[in-house]
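Presented below is the structure to which this report refers.
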Amino acid sequence: MLLGGKDNFAADRQAAEQVLAFMPELVQSARFNREFLGRAVRHFAGDLGIRQFLDIGTGLPANNTHEVAQAAAPESRVVYVDNDPMVLVQARALLTSTPQGATDYIDADVRDPERILAEARRTLDFSQPIAIMLLGIMNFIVDDDEAVRIVRRLVDAVPAGSYLVVSHPTREVNAEAVDRALAMWNDGGSAQMSVRSPREIARFFEGLELLGPGLVTCSQWRPNGNDTTPTSEYCAVGRKNA
(Lines give C-alpha, C1' and ligand atoms only; values in the text may rest on other atoms or scores of the structure.)
Protein backbone atom coordinates (compact mmCIF):
# COMPACT_ATOMS: atom_id res chain seq x y z
CA MET A 1 0.00 0.00 0.00
CA LEU A 2 2.63 2.55 1.08
CA LEU A 3 5.44 3.23 -1.41
CA GLY A 4 3.88 0.68 -3.70
CA GLY A 5 3.63 -2.10 -1.11
CA LYS A 6 0.58 -4.34 -1.05
CA ASP A 7 0.23 -5.52 2.56
CA ASN A 8 -3.07 -4.22 3.88
CA PHE A 9 -3.32 -4.95 7.59
CA ALA A 10 -4.92 -2.46 10.01
CA ALA A 11 -1.56 -1.36 11.44
CA ASP A 12 -0.27 -0.79 7.92
CA ARG A 13 -3.29 1.32 6.97
CA GLN A 14 -2.83 3.46 10.07
CA ALA A 15 0.88 3.93 9.38
CA ALA A 16 0.13 4.81 5.76
CA GLU A 17 -2.40 7.44 6.79
CA GLN A 18 0.20 9.07 9.04
CA VAL A 19 2.79 9.14 6.28
CA LEU A 20 0.38 10.41 3.64
CA ALA A 21 -0.41 13.38 5.84
CA PHE A 22 3.02 14.85 5.01
CA MET A 23 3.87 12.99 1.79
CA PRO A 24 0.70 12.92 -0.35
CA GLU A 25 2.71 12.18 -3.51
CA LEU A 26 2.82 8.55 -2.37
CA VAL A 27 -0.71 8.22 -3.74
CA GLN A 28 0.67 9.24 -7.12
CA SER A 29 3.53 6.76 -6.71
CA ALA A 30 1.08 3.93 -6.06
CA ARG A 31 -0.95 4.94 -9.13
CA PHE A 32 2.15 5.02 -11.32
CA ASN A 33 3.09 1.57 -10.03
CA ARG A 34 -0.31 0.17 -11.00
CA GLU A 35 -0.15 1.83 -14.43
CA PHE A 36 3.27 0.25 -14.97
CA LEU A 37 1.76 -3.15 -14.20
CA GLY A 38 -0.89 -2.55 -16.86
CA ARG A 39 1.63 -1.55 -19.52
CA ALA A 40 3.89 -4.51 -18.74
CA VAL A 41 1.07 -7.07 -18.79
CA ARG A 42 -0.39 -5.65 -22.01
CA HIS A 43 3.06 -5.93 -23.59
CA PHE A 44 3.40 -9.54 -22.45
CA ALA A 45 -0.05 -10.68 -23.52
CA GLY A 46 -0.48 -8.50 -26.57
CA ASP A 47 3.03 -8.38 -28.07
CA LEU A 48 5.06 -11.25 -26.62
CA GLY A 49 2.49 -14.04 -26.48
CA ILE A 50 2.82 -14.68 -22.74
CA ARG A 51 -0.24 -16.49 -21.42
CA GLN A 52 0.77 -17.30 -17.82
CA PHE A 53 1.27 -14.94 -14.89
CA LEU A 54 2.35 -15.49 -11.28
CA ASP A 55 1.45 -12.32 -9.34
CA ILE A 56 2.89 -12.39 -5.82
CA GLY A 57 1.63 -9.80 -3.33
CA THR A 58 -1.41 -8.99 -5.38
CA GLY A 59 -3.54 -6.64 -3.24
CA LEU A 60 -6.90 -5.61 -4.68
CA PRO A 61 -6.64 -2.36 -6.66
CA ALA A 62 -8.32 -1.92 -10.03
CA ASN A 63 -6.87 -3.17 -13.33
CA ASN A 64 -5.54 -6.41 -11.93
CA THR A 65 -3.20 -8.68 -13.84
CA HIS A 66 -5.84 -11.12 -15.07
CA GLU A 67 -8.15 -8.32 -16.22
CA VAL A 68 -5.42 -6.74 -18.32
CA ALA A 69 -4.04 -10.04 -19.62
CA GLN A 70 -7.39 -11.60 -20.46
CA ALA A 71 -8.56 -8.45 -22.22
CA ALA A 72 -5.69 -9.01 -24.68
CA ALA A 73 -5.68 -12.82 -24.58
CA PRO A 74 -8.76 -14.42 -22.97
CA GLU A 75 -6.98 -17.75 -22.52
CA SER A 76 -4.45 -16.25 -20.10
CA ARG A 77 -3.94 -18.06 -16.80
CA VAL A 78 -3.13 -16.08 -13.65
CA VAL A 79 -2.19 -17.17 -10.14
CA TYR A 80 -2.38 -14.58 -7.37
CA VAL A 81 -0.46 -14.93 -4.11
CA ASP A 82 -1.08 -12.97 -0.92
CA ASN A 83 -0.89 -13.55 2.82
CA ASP A 84 -3.63 -11.10 3.80
CA PRO A 85 -6.83 -13.08 4.51
CA MET A 86 -9.00 -10.07 3.62
CA VAL A 87 -7.40 -9.87 0.20
CA LEU A 88 -7.88 -13.59 -0.40
CA VAL A 89 -11.55 -13.56 0.59
CA GLN A 90 -12.29 -10.60 -1.65
CA ALA A 91 -10.22 -12.02 -4.50
CA ARG A 92 -12.11 -15.29 -4.54
CA ALA A 93 -15.42 -13.42 -4.47
CA LEU A 94 -14.68 -10.64 -6.95
CA LEU A 95 -11.96 -11.67 -9.38
CA THR A 96 -13.39 -14.07 -11.94
CA SER A 97 -11.67 -15.44 -15.00
CA THR A 98 -12.83 -15.55 -18.59
CA PRO A 99 -14.24 -18.96 -19.59
CA GLN A 100 -11.19 -19.55 -21.78
CA GLY A 101 -8.62 -18.73 -19.08
CA ALA A 102 -8.14 -19.40 -15.39
CA THR A 103 -7.36 -17.66 -12.11
CA ASP A 104 -6.27 -19.12 -8.80
CA TYR A 105 -5.44 -17.64 -5.39
CA ILE A 106 -2.77 -18.91 -3.04
CA ASP A 107 -2.58 -18.03 0.64
CA ALA A 108 1.18 -17.83 1.08
CA ASP A 109 4.04 -15.51 1.98
CA VAL A 110 6.69 -14.50 -0.55
CA ARG A 111 9.22 -15.90 1.94
CA ASP A 112 7.95 -19.39 1.10
CA PRO A 113 8.70 -19.75 -2.61
CA GLU A 114 8.59 -23.55 -2.47
CA ARG A 115 4.96 -23.51 -1.36
CA ILE A 116 4.09 -20.86 -3.93
CA LEU A 117 5.65 -22.85 -6.75
CA ALA A 118 4.06 -26.14 -5.66
CA GLU A 119 0.56 -24.66 -5.44
CA ALA A 120 0.93 -22.58 -8.61
CA ARG A 121 1.48 -25.79 -10.59
CA ARG A 122 -2.23 -26.54 -10.14
CA THR A 123 -2.96 -23.77 -12.65
CA LEU A 124 0.25 -22.94 -14.50
CA ASP A 125 2.29 -25.11 -16.86
CA PHE A 126 5.91 -24.68 -15.81
CA SER A 127 7.14 -26.06 -19.13
CA GLN A 128 5.81 -22.89 -20.79
CA PRO A 129 6.90 -19.26 -20.22
CA ILE A 130 5.54 -17.46 -17.14
CA ALA A 131 5.70 -13.81 -16.15
CA ILE A 132 6.60 -13.49 -12.46
CA MET A 133 5.12 -10.26 -11.06
CA LEU A 134 6.75 -8.86 -7.90
CA LEU A 135 5.37 -5.35 -7.64
CA GLY A 136 5.88 -3.52 -4.37
CA ILE A 137 6.52 -6.72 -2.41
CA MET A 138 10.27 -7.35 -2.21
CA ASN A 139 10.67 -4.18 -0.11
CA PHE A 140 9.08 -6.19 2.72
CA ILE A 141 12.08 -8.57 2.67
CA VAL A 142 14.56 -6.30 4.41
CA ASP A 143 17.54 -8.67 4.25
CA ASP A 144 19.17 -8.11 0.85
CA ASP A 145 20.59 -11.60 0.45
CA GLU A 146 17.32 -13.25 1.43
CA ALA A 147 15.43 -11.10 -1.06
CA VAL A 148 17.80 -12.06 -3.87
CA ARG A 149 17.59 -15.76 -2.94
CA ILE A 150 13.78 -15.67 -3.10
CA VAL A 151 13.75 -14.04 -6.52
CA ARG A 152 16.36 -16.40 -7.91
CA ARG A 153 14.44 -19.44 -6.66
CA LEU A 154 11.33 -18.22 -8.45
CA VAL A 155 13.22 -17.45 -11.66
CA ASP A 156 15.05 -20.80 -11.55
CA ALA A 157 11.67 -22.57 -11.55
CA VAL A 158 10.42 -21.11 -14.84
CA PRO A 159 11.66 -21.95 -18.34
CA ALA A 160 13.54 -19.86 -20.86
CA GLY A 161 11.30 -17.24 -22.41
CA SER A 162 9.83 -16.30 -19.02
CA TYR A 163 9.93 -12.80 -17.56
CA LEU A 164 10.56 -11.16 -14.19
CA VAL A 165 8.79 -7.91 -13.29
CA VAL A 166 9.84 -5.98 -10.19
CA SER A 167 8.90 -2.60 -8.79
CA HIS A 168 10.55 -1.35 -5.63
CA PRO A 169 10.75 1.90 -3.63
CA THR A 170 14.00 3.84 -3.81
CA ARG A 171 15.56 7.03 -2.49
CA GLU A 172 16.43 8.30 -5.97
CA VAL A 173 13.45 10.68 -5.93
CA ASN A 174 12.63 12.85 -2.90
CA ALA A 175 15.13 11.07 -0.64
CA GLU A 176 14.46 13.11 2.50
CA ALA A 177 10.72 12.48 2.40
CA VAL A 178 11.22 8.78 1.60
CA ASP A 179 13.56 8.40 4.58
CA ARG A 180 11.02 10.06 6.86
CA ALA A 181 8.19 7.94 5.47
CA LEU A 182 10.21 4.75 5.89
CA ALA A 183 11.07 5.55 9.49
CA MET A 184 7.45 6.31 10.34
CA TRP A 185 6.23 3.15 8.59
CA ASN A 186 8.73 0.91 10.36
CA ASP A 187 7.77 2.45 13.67
CA GLY A 188 4.05 1.75 13.24
CA GLY A 189 3.44 -0.79 10.47
CA SER A 190 3.01 -4.52 11.01
CA ALA A 191 5.71 -5.45 8.49
CA GLN A 192 9.13 -3.82 8.34
CA MET A 193 10.08 -2.34 5.00
CA SER A 194 13.24 -1.25 3.22
CA VAL A 195 14.09 0.92 0.26
CA ARG A 196 16.90 -0.02 -2.12
CA SER A 197 19.15 1.80 -4.53
CA PRO A 198 18.90 1.12 -8.28
CA ARG A 199 22.11 -0.92 -8.02
CA GLU A 200 20.58 -3.06 -5.26
CA ILE A 201 17.33 -3.51 -7.20
CA ALA A 202 19.35 -4.53 -10.26
CA ARG A 203 20.65 -7.56 -8.33
CA PHE A 204 17.23 -9.17 -8.80
CA PHE A 205 17.86 -9.23 -12.56
CA GLU A 206 21.34 -10.75 -12.62
CA GLY A 207 21.52 -13.29 -15.43
CA LEU A 208 18.44 -11.87 -17.17
CA GLU A 209 18.16 -9.66 -20.24
CA LEU A 210 16.65 -6.31 -19.27
CA LEU A 211 14.01 -5.02 -21.64
CA GLY A 212 14.37 -1.37 -22.62
CA PRO A 213 14.40 1.17 -21.13
CA GLY A 214 15.98 -0.82 -18.30
CA LEU A 215 15.65 0.08 -14.62
CA VAL A 216 13.75 3.37 -14.41
CA THR A 217 11.17 5.20 -12.37
CA CYS A 218 7.81 3.46 -12.90
CA SER A 219 6.17 6.34 -14.72
CA GLN A 220 8.90 6.26 -17.39
CA TRP A 221 8.87 2.55 -18.29
CA ARG A 222 7.62 2.54 -21.89
CA PRO A 223 5.27 5.49 -21.38
CA ASN A 224 2.19 5.51 -23.53
CA GLY A 225 0.77 8.97 -23.02
CA ASN A 226 0.83 8.61 -19.23
CA ASP A 227 2.24 11.13 -16.74
CA THR A 228 6.03 10.64 -16.69
CA THR A 229 6.74 12.60 -13.51
CA PRO A 230 9.58 10.80 -11.67
CA THR A 231 8.36 8.75 -8.73
CA SER A 232 10.02 7.04 -5.75
CA GLU A 233 9.10 3.63 -7.20
CA TYR A 234 11.59 2.08 -9.67
CA CYS A 235 10.89 -0.87 -11.94
CA ALA A 236 12.31 -3.16 -14.59
CA VAL A 237 11.42 -6.18 -16.71
CA GLY A 238 13.89 -8.96 -17.38
CA ARG A 239 13.77 -11.91 -19.79
CA LYS A 240 15.17 -15.34 -18.96
CA ASN A 241 17.01 -16.54 -22.05
CA ALA A 242 18.40 -19.83 -20.77
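The values are calculated or read from the model by the stated rules, or taken from the named source; none is laboratory data. The model shown is predicted, which means the values in this text are computed figures rather than measured ones. Every residue, glycine as well, gets a Cβ built from its backbone with ideal geometry; the counts of neighbours run over all protein chains shown. Accessible surface areas use protein heavy atoms only, side chains included; no ligands, DNA or RNA. Shrake-Rupley method; radii C 1.70, N 1.55, O 1.52, S 1.80 Å.
Annotations for the structure displayed:
- In this structure the amide hydrogen of Thr231, modeled in the peptide plane, comes within under 5 Å of the amide hydrogens of Cys218, Ser219, none closer than 5 places in sequence on its chain.
- If you take all other residues with their beta carbon under 12 Å from the beta carbon of Ile201, and give Lys and Arg +1 and Asp and Glu -1, the sum is -1.
- Scalar couplings 3J(HN,Hα) for segment 65-75, obtained by applying the Karplus form with A = 6.51, B = -1.76, C = 1.60 to θ = phi - 60°, are 4, 5, 5, 5, 5, 6, 5, 8, 9, x, 7 Hz; x denotes Gly and Pro.
- 5 angstrom amide H check on Tyr105, placed H, neighbours 5+ away: Tyr80
- The residues of segment 109-242 expose, per residue, 43 Å² of accessible area to a 1.4 Å probe.
- Nonlocal amide H pairs with Asn83, under 5 Å, H built at 1.01 Å: Ala108
- Rounded to 5, percent antiparallel among DSSP beta bridges of segment 10-240: 35 percent
- Gyration tensor verdict on segment 40-80 (Cα atoms; rounded if a/c is under 1.5, prolate if a/b is larger than b/c, oblate otherwise): prolate
- Using θ = phi - 60° in the Karplus curve 6.51 cos²θ - 1.76 cosθ + 1.60, the 3J(HN,Hα) couplings for segment 158-165 round to 9, x, 4, x, 7, 10, 10, 10 Hz; x is entered for Gly and Pro.
- Other residues whose C-beta falls under 9 angstrom from the C-beta of Tyr234 contribute a net charge of -1, scoring Lys and Arg +1 and Asp and Glu -1.
- Portion, in percent, of the accessible area of segment 10-240 that falls on carbon or sulfur, probe 1.4 Å: 48 percent
- Put the Cα centre of segment 74-147 next to the Cα centre of segment 179-237 and the gap is 20 Å.
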